[in-house]
Each structure stands twice: as structure tokens, then as C-alpha cells.
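Okay, so here's the structure we're looking at.
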Amino acid sequence: MKKFGSFNIFSLIVGFSFLYIPIILLILFSFNESRLVTVWGGFSTKWYGELLQNQGIKDAAWVTIKVAFFSSTIATILGTIAGLVMTRFGNFKGRTLFSGMIYAPMVMPEVIIGLSTLLMFVALAIDRGIFTVTLAHITFSMCYVAVVVQSRMSSYDDSLTEAALDLGCTPFRTFTLITLPIILPAVISGWLLSFTLSLDDLVIASFTSGPGSTTLPMKIYSMVRLGVTPEINAVSTILVGVVTLGVITASLIGRRQKQQTPKAQHT
Amino acid sequence: MSETIKVSPWLDSSHKPYIQIQNVTKRFGEFTAIDNLTLDIYKNEFFSLLGPSGCGKTTLLRMLAGFEKITNGKILLDGEDISEIPPHLRPINMMFQSYALFPHMTVEKNIAFGLKQDNLPANEINQRVEEMLELVELTDFANRKPNQLSGGQSQRVALARSLAKRPKLLLLDEPLGALDKRLREQTQFELMDIQEKLEVTFVIVTHDQEEAMTVSSRIGVMDSGNLVQVATPAEIYEAPINKDVADFIGDVNILKGIYKGQNEVGTQLFSEDSNSIVFATQEVGASVEDEMWFAIRPEKLEISKVAPSHDHNILKGTIEDIAYGGSFSTYHVKLDNGRILKAIRANRERTKEHHLTWDDEVYLQWAPHSAVVLLS
């Protein structure tokens, strides 16, 4: 078949190697017996065991999980509201400006976001710690949720809401019984997306964290400065695993949601 | 009982209207969608709002449901002013054009949804859902999700869901628009049966004039935010109030006439198309030389190659086109002045005995009571 011509296969291999060889190496060497990162000394899972002994890494992981959980949950609530409102209001003057302002943090350099939030915390004299990292993560991840929810809402049939009201359902119950369940897959994938974003953020966390709130990416980064150890490979592999899982789940949910949307009503 | 319909309550002043739309105006910013509209609808009517798209018929329906706020005027249901009642508290249900079935619920749950909002006991809900499923013949589909249903089945679920609460008034927004022609015709009869069985007042919005003619007790023809004519299907068809209504409902030939006064037959008009006087039994108040129109439905024009023995109400032309429609044929007859008229002839013979074919010279004639004189 033409589709699998030799040139196509070649490009495929080059492209994917370019993307994934570094990560594959990292994962492989996390199972390395030897302490030397670049020399293969046989298969072993001892570095994973050693990880469990490392209090510093365990603390950082715990901080990261807490920050990711709370920031993604709050970002999901705020982002969902933003997404809903942007679709509900329809077209009004300055709509483009408003929706543009929701998307802006996605393209804003992280350094700027980090710096500006840091300046604000300093100005307001808020002690930096887990709380400030969480706040900063909410600000940049809620726009992703808003985008996901808004794109789902654009294909949402408003007469579903009207039908529920018409059948005697109060506006609030209509939201919880009809609108939310229908857009739930989008909300969940928004949550997973902001969870993974928070999990692997280094720049913004560095700006906004304080004593006792070192996140895992920050910890890894500081450990690397003292030399790459198999331990770092192991913790990074776990991180890659979690992120991959999150992204795959999010896209699976998205696909299922597409299949669930009623076949065009006109059939 | 539907008997009330058979005695035409709108002609009997002792009947109280069920829905009273009083001087209702709806504006969207600068645009006036409904312009000071007044309409009475009676209990157990099957009332159609008919009109071209953008005439305001859907807006009127949505105001009855409560989805659009009335700018001016009020709407009474059974004597009670409902203008300010939000949609979820109105004893009115609506069937949506898109059906709006909840995709995450089964057929059964969709139908039960409205009943659950009223906190009815579970056994009563189950019983009513079963009744509804039987009514629309979908008992075997109770556990299907909406995306596993065909268009016709979805339409029936939507109908069952909107009827489950036994509303005082059911609104239907283009209920059959998404169905193919054969299914639509069958469903029209089902709708009429259900309406008679449940004794619910139906208000339906449609742009399909055939559908409106088939199902309605009365039709309200709308144009640019107001009612042009409200009457029974037969009245609308046989006695349209103006050229627009005549043209919108069914096929029609509209010819110009100059008023020449009354005689023992009725109105005398001079027609430029026939270059002679034509008679219509209908009497009109006008003065001599006034310009007006007369409308003749194609099936009321008799087409023949033989010259009639009388000399009035005759048009002469040649057959330009023939559309064979099986049970009838439509002839396009070109008059000497170039105008084309439509005439319909039932195909009563299986063979081509009548020998009407292209380029034949034919005479079109009609009885004085077949034409409608229109002043505007």
C-alpha cells in the first residue's frame, strides 16, 4: 500500500525518535543497576526503592500533589463558570476582547506570569508558600479549562436547558441535572489537563514558592545541579507516567463524549 | 370532548377563550418581532401558526412557553394572567424542533423527567411513563438512549415527554420538520388522534401549509409580526383575505380586474387578460373603475379544447407545459398576452382519451362562485 511507502515510514521513525528518544533513555536508565547515569550496569529497580527513603523527594512530591489537586479543582470551577458565561452571553460588544483575555495566559511567557504574581504577593505582603503556588497555578490553568468547556458548550443545544425548564425544573436543578452531566466529560478533561499542567510546572512555582513549599519539579531541578543521579531518572519516570496517564485519560474522555453526542438530530 | 371543536367555539360568543393573547408586542432591540397581536384560542383546539420564516410565529410560541419576555401586553391562560410566570412554573409544555432529548438519559427517564420535578410518588410516575410509552408505541425502547433512536422514534419520545405532565396547553415547534414526507403524513394523523384522545389544546408552529391544513382546527396566518387571517383551513383556502394569503396557501392564479359594478350574478369585473367581463358571485363594496384582483385555484379552472357555449369567464391559451402527477396533471397554459396560468385536471381515465397535449389551443373556464375577489 502506498500509505506505508518507505519514505513515509522513514519520516515517521525520524519524527518519533526525535520526540521520544530522550524520554525513553531517561526511563531506561532509571532501571540501571549502576550509579553512573550513562553506563548500563544491568536491570534493577533499586533506585525506586531508594526514592522511598529520600524524605526530601517525598516531601516535594506531597507538596506537588496537594498544589496540583487544589489548584486544578478550583481552576476547574472558575474555568467552567468562565466557559459557560462566555457562551451564554452570546455576542456582545467587546466579546472578542473578553474571550481573548481568557486565552491570553496560554501564550503569555511563564516567566512573566511568575514574575507578575510574585510582585503582587510581595505588594500585598502575602507570605509565600503552598498557598501562593496554588493561587498562581489557578490563574494559569483556569484558562485551559475555560477553553475546553467553551468548545464543548458551543455544540450544546440550548433547547436542552429550555426543555428542562419547560418540564418544571428550576434553573439551578437544570444546571445540575442536565447541563453539568452533559458537559461533564469536558469538565473532567479540563481538570486532568490543569492537574498535569500544575504537576510539571517549574517556572511559576519557582517564583511563587517559599520555604517548605518546594515542588517536585523544583526539587529535581535543584538536584540536577549537583549532578544527575539514577534517583532523578526514577522520579522523573514516575512523573512522566502520571502525566501520560492524565493526558491519555483526558483524550479518551473527550473521544467518548464525541461518540455520546446524539447523532445529528436531522437523521 | 372534541365536540366543542365541531361546533366552532370561535363563532359562539358564549364560549370563553382558553388562551387570550392581548395586544402583545415583542421587541428585540430595534426590531419588532410581534406587533400588537391579539388572538383567542379555545379549549381543545388544534391551532396552527403558519407563516414564512421570520414572521414571528416562533417568537409567539416561545412567549407562550415563557422563554421570551413580553415587551407589552399580556397572555391569559384559562383566565389567569401568565405573562410574568417563569417557564418552569407554567402548566404548559413544549415539544422542541430539535426534540431536545436529554442525551444522558434513557427514553424512560426522559419521559419521567417532568413528573419527577413534580415529586409524584414513584409508582404513579412509572404508571404514567408506561401509559405514555404505549401511547407512542415505544414500550420496547424504554431503555434505549436517544442516540440509539431513529428520527421518527425521537420525535415520538419528545411528544411523550411533553405530554407526560398532562399540560393544559401543548406547544409544538415545527414538530414534523425533521421527518421525511411519508413519515410526516403518517405522524400528522397520529398527532390528531392523540390530541383528540387526551383532550389537550395544541398550538403548533409550522411553515408547511399542507401540514397546517391537515391537522388544524384553525390556522393563524402570520406575516411580519402580526396575524393576517385567522380561520379554518377551508376558509383560508377558499376565502383568503388578500393576495398574500391566497398565494401562500396552495397554488393560485391571481388576475387583475377593474370593477364595473354589480348585477344579478354578482360582481362584474373587466379582465385585461381575457379582454372581457368576468363574473364573481361574491359581492364587494367598491366604486366603478377600482382596481382589484380575482383569484382562482388551479383545480377550479376547467380546461378543454372545445369552446364553451357561453361567453363569460373564459380565458384562451395554449398548453405550454404538462406536469403529470399521477392522480392529476397540472397544465401550464400560456395566454395570448404571455401570462401563464395553472390548471389541474384529475386523471379519471387511464388512457389519454382527453388528448390534451403540448401546444394545444385550450379554453379555461370557471364558475362565477369559484373565483375570490380580493381588494388587496
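The values are calculated or read from the model by the stated rules, or taken from the named source; none is laboratory data. Quantities reported herein were computed from a predicted structural model and do not represent experimental measurements. FYI the Cβ positions are ideal-geometry reconstructions off the backbone, even for glycines, and counts take in every protein chain you see.
Quick notes
- Of everything in the range B:133-150 that is assigned to a helix (DSSP H, G or I) and closer than 12 Å to B:LYS109 by Cα, the residue that is nearest to the other protein chains (Cβ to nearest Cβ) is B:PRO146.
- For the range B:255-276, taking the residues that are under 20 Å from B:VAL362 (Cβ atoms) and part of a strand (DSSP E or B), the one that is nearest to the chain's Cα centre (by Cα) is identified as B:LEU255.
- Restricting the range A:203-233 to residues that are of a type in the set (A, V, I, L, M) and more than 21 Å from the chain's Cα centre (by Cα), the residue that is surrounded by the most Cβ atoms within 10 Å (Cβ to Cβ): A:ILE232
- Picking from residues in the range B:53-100 that are within 14 Å of chain A (Cβ to nearest Cβ), small (Gly, Ala, Ser) and within 24 Å of B:PHE31 (Cα to Cα), the one that is surrounded by the fewest Cβ atoms within 10 Å (Cβ to Cβ) is B:ALA65.
- Verdict on A:GLY210 being away from chain B (no Cβ under 14 Å) and part of a loop (DSSP other than H, G, I, E, B): yes
- Any hit, the range B:26-34, residues being within 23 Å of the chain's Cα centre (by Cα) and more than 30 Å from A:LEU177 (Cβ to Cβ): yes
- Matching entry among B:GLU80, B:GLU45, B:GLU68, B:GLU124 (being within 20 Å of the chain's Cα centre (by Cα) and charged (D, E, K, R)): B:GLU45
- Condition check for B:GLN155 on (1) more than 13 Å from chain A (Cβ to nearest Cβ); (2) in contact (Cβ under 8 Å) with a residue 12 or more places away in the chain; (3) in a helix (DSSP H, G or I): one failure, at (1).
- Annotation note: of B:ILE249, B:ILE204, B:ILE194, the sole residue that is β-branched (Val, Ile, Thr), farther than 29 Å from B:PRO368 by Cβ and at pLDDT below 90 is B:ILE194.
- Exactly one residue out of B:PRO167, B:PRO175, B:PRO233 is buried (at least 19 other Cβ atoms within 10 Å of the Cβ), without any contact (Cβ under 8 Å) to a residue 24 or more places away in the chain and touching a strand residue (DSSP E or B) at 6+ places or on another chain (Cβ under 7 Å), and it is B:PRO233.
- Total residues in the range B:178-215, condition in contact with a strand residue (DSSP E or B) (Cβ under 9 Å, 6 or more places away or on another chain), more than 24 Å from B:LEU115 (Cβ to Cβ) and not hydroxyl-bearing (Ser, Thr, Tyr): 9
- Within the range A:153-178, being part of a helix (DSSP H, G or I), more than 10 Å from chain B (Cβ to nearest Cβ) and surrounded by fewer than 18 Cβ atoms within 10 Å (Cβ to Cβ) holds for A:PHE172, A:PHE175, A:THR176.
- Scoring A:THR117 on the criteria (1) buried (at least 18 other Cβ atoms within 10 Å of the Cβ); (2) within 14 Å of chain B (Cβ to nearest Cβ) leaves a single failure, condition (2).
- Test result for B:PHE294, closer than 17 Å to B:SER370 by Cα, of a type in the set (Phe, Trp, Tyr), outside the structural domain of B:PRO52 (by TED's automatic domain parsing) and over 29 Å from the mean Cα position of the chain (by Cα): no
- Strands (runs of 3 or more DSSP E) fully within the range B:323-376 counting 2 or more residues that are surrounded by fewer than 15 Cβ atoms within 10 Å (Cβ to Cβ): B:340-346
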